[in-house]
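FYI, it's all coordinate maths here, none of it is from the lab. The structure presented is a predicted model; accordingly, all values stated were derived computationally and were not measured. All Cβ positions, even for glycine, are placed from backbone atoms using ideal geometry, and neighbour counts span all protein chains on display.
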Amino acid sequence: MSQHRLTSLEIAAIVAIVVIWGVNNAAAKVATEHLPPLMVGAMRFAIAGACLIPFVRPPFPDWKSLAIIVGIGGPIHYGLIYLAFWMAHDVSGVTVATQMWVPFTALIAFAVLGEKPSVPAIVGLSLAFGGVAWMTADPNTLKEWPAIVTGVLASACWAVVTVVARRTTSIPPLKMQGLLALFTLPVLAIGSFATETGQIAGLMRATPLVWACLIWAGLMSSVVATTLLFWLVQRREAGRVTPYLLATPVVSILIGWGLMDDVLTAQILTGAAMTMGGVVVVALAERGLRAGAAKA
C-alpha cells in the first residue's frame with residue numbers, strides 16, 4: 001500500500017465519508033422523532049439490503065467469525081444506536097459516545113489478542129473515557145445519561161466486531177455489509193412489531209424529510225460511505241485513514257447546534273474535545289485498527 005501523500009481524490013473520499021456519517025447521525029435523530037427506533041433501523045437495512053444483495057453470494061468462509069460480526073454488529077449494535085438517538089434530546093452527546101468504539105477496540109485487543117498498550121494509547125484511553133464522564137456531568141447533559149450510556153454500549157458492541165473483523169480478512173466488506181443488512185432487517189422488524197407500536201401509522205404519516213433520512217442512512221451511509229471506505233483501505237493502510245474519519249462528530253455537533261437547537265456549554269464542548277482527542281490519540285497509537293470493519 002502507498003505511503004505517499006494522500007491524493008486529491010482520496011482526500012475527497014475522506015471528506016465525503018465524514019460528511020455522510022456526520023449527517024447520518026442527525027438524520028437518525030430526526031427519523032426516531034417520527035418513527036419507533038427499531039423500525040427506523042429495519043427501514044434503513046431494507047434499503048441497504050436491496051442495494052447490497054448482489055454482493056451476497058457463496059462462498060461464506062469463516063462462518064463463526066461472520067456470525068459474530070453479523071449478529072453483534074447488526075441488530076444489537078444498530079438497535080442500541082437508534083434507541084440511543086430516540087432517547088436523547090440532543091444529537092451531540094450520543095454522537096460523541098458512539099465514537100468510543102476506537103478505545104474499546106484497543107482495550108479488547110489488549111485483553112483478547114494480547115497486544116501490549118503503548119503509553120500514548122493509555123493516555124488516549126484515559127482522555128476518551130474521562131471526556132465522556134465530564135461531558136455527561138454537565139447539568140444540560142446529565143439528563144441524557146441513559147442515551148449516552150446506550151451509545152457507549154453500542155460502541156462497545158462495534159469494538160467487538162472490529163476485533164473479530166481484524167482476524168477475518170477472507171470476506172470483502174461489501175459482502176459482509178450485505179449479510180449484515182439482510183440479517184439485521186428481519187430481526188429489527190420482528191423486534192419492532194413485538195415491542196413497539198405505531199409503526200404503520202408512522203410510515204403513512206412520514207414526511208419527505210423522514211424518508212430522506214431513511215434513504216440517507218440506507219443508501220448513503222451503508223452503501224456509498226462503505227464503498228468509499230473499502231476503496232480507501234485497499235489503497236492505504238487503515239491507520240492512515242481512520243484518524244481523519246474521527247472528524248465525523250464535528251459535523252454532527254455543528255448540525256445539532258445550528259439546525260436542531262442542541263445546547264452546547266463550555267463543559268459539554270470541553271468533554272467532547274477531550275473524548276475526541278483521546279480517540280484520535282488511540283487511533284494514531286494503534287495504527288493496526290481496520291477502520292471499523294467498514295463502519296456504518
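Counting only Cα atoms, the stretch 126-251 measures 46, 40, 26 Å along its principal axes, largest extent leading. Computed across the stretch 47-181, the Kirkwood radius stands at 16.1 Å (inverse of mean 1/r, all Cα pairs). Between VAL112 and LEU254, full extension at 0.36 nm per residue minus the direct alpha carbon distance yields a gain of 47.4 nm. In the chain, a dipole from Cβ-located charges (positive for Lys and Arg, negative for Asp and Glu) runs towards its positive end, and of LEU203, ILE76, GLY151 it is ILE76 whose Cα lies farthest in that direction. Shown for the chain are the DSSP H helices of 18 Å or more along their axis, judged by Cα atoms, with a mean Kyte-Doolittle hydropathy of at least 0.0: 8-32, 37-52, 119-136, 145-166, 173-195, 266-285. Using a cutoff of 8 angstrom between alpha carbon atoms and counting only pairs six or more residues apart, the relative contact order for the stretch 8-289 works out to 42 percent.
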